[in-house]
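What follows is a set of notes on a single structure, which appears directly below.
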Amino acid sequence: MAKPRIELDEIKAHLRIEHDLDDELLEVYADAALEAASNHIGKVWGDEHSDTTVRFTKGIKVGCLMFIGHLYANRESVSDVQLYEVPMTIKALWNPYRNLAIY
C-alpha cells in the first residue's frame, strides 16, 4: 500500500482554517502526523492488519487530524502556560493497533 494521505481540504476543515497562508506548513504537519502514528503503532501502512502492517482506518485518521491540530496550535517546544493532556484522545485512537510486548 502506498503511504496514506490526508487531504489539505480535510485538514483545513478540521482546523477551521479558511486561508492559504499555512498550506505548506499543514502539509508538513500531515506527513509528521502519519509518521508519528506509524511509529507509535509500531507498524507500517498496509492493505490489511498483520503483525507488521496496519490499515489506515478512520480512527487512525482522526488521531492524525488531532495531532496536526496540536502541532499547529503549539508551534514551539516551550510554553509559558501549563497544558494538560486530554484523556482518551490520540492514544485512545492509535493504541488498539499496537502489538504490545513485555521485555
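Bear in mind that the values in this text are calculations on the coordinates, not laboratory data. These figures come from a predicted structure and were not determined experimentally. For neighbour counting, all protein chains shown are included, and Cβ atoms are generated from backbone atoms with ideal geometry for every residue, glycine included.
Secondary-structure-derived ellipticity at 222 nm for the chain, considering helices only, amounts to -14500 deg cm²/dmol, per-run term -39500 (n - 2.57) for DSSP H runs with n ≥ 4. Amide hydrogen proximity for Arg98: with H placed 1.01 Å from N in the peptide plane, no residue at 5 or more positions away or on another chain lies under 5 Å.
Taking 0.36 nm per residue of separation and subtracting the Cα-Cα distance, full extension of the segment from Leu83 to Val62 would add 5.5 nm. Near Pro4, once Lys and Arg are set to +1 and Asp and Glu to -1 for all other residues with Cβ below 10 Å from its Cβ, the sum equals +4.
Using only Cα atoms, what is the ratio of the radius of gyration of the range 1-52 to 2.2 N^0.38 Å?
Numbers: Rg = 13.2 Å, N = 52, 2.2 N^0.38 = 9.9 Å.
The value comes to 1.34.
Beta carbons within 10 angstrom, averaged per residue: use that to sort the peptides 20-28, 77-85, 44-52, 90-98, highest first.
On the way: 20-28: 13.0, 77-85: 6.1, 44-52: 11.2, 90-98: 16.4.
In descending order of packing, they fall as 90-98, 20-28, 44-52, 77-85.
Here the simple spin-label model places points 7 Å from the Cα toward Cβ, and for His70 and Leu21 these points are separated by 2.5 nm.
If you wrap a convex hull around the alpha carbons of the chain, what volume per residue comes out, as a whole number of Å³?
Numbers: hull volume 13.3 nm³, N = 103.
Once divided by residue count, the hull of the chain is 129 Å³.
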